[in-house]
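Below: one structure, written as structure tokens.
The values are calculated or read from the model by the stated rules, or taken from the named source; none is laboratory data. Since the model is a prediction, treat every value here as computed from it, not as a measurement. Note that we place each Cβ from the backbone using ideal geometry, even for glycine, and neighbour counts take in every protein chain shown.
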Amino acid sequence: MSNLNFKGNWNEVKGKLKQKYGELTDDDLAYVEGKEDELLGNLQKKLGKKKEEIASEIKGLTD
């Protein structure tokens, strides 16, 4: 799961996620390098989706 590469464009991805899911806050989307699983877990709780679904959606936004 930790193969998500956000580094340069995380702010852009974060903005797109906040547009799509208005209930997400900056705290929900706080990304710390090396803690991708923690981020996905937080989003899983908030959105009620599987981690794999969320990871796939994020990867789609980074392409």
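In the set (1) at pLDDT below 90; (2) surrounded by fewer than 11 Cβ atoms within 10 Å (Cβ to Cβ), the condition left unmet by residue 5 is number (2). Cβ separations smaller than 6 Å between residues 6+ apart or across chains give the following pairs from segment 45-63 residues that are free of Cβ contacts under 8 Å to residues at least 40 places away in the same chain and in a helix (DSSP H, G or I) to residues that are surrounded by 15 or more Cβ atoms within 10 Å (Cβ to Cβ) and of a type outside the set (Gly, Ala, Ser): 46/28; 54/40; 54/43. Of the residues making up segment 8-45, those that are more than 22 Å from residue 63 (Cβ to Cβ) and buried (at least 16 other Cβ atoms within 10 Å of the Cβ) are 28, 42.
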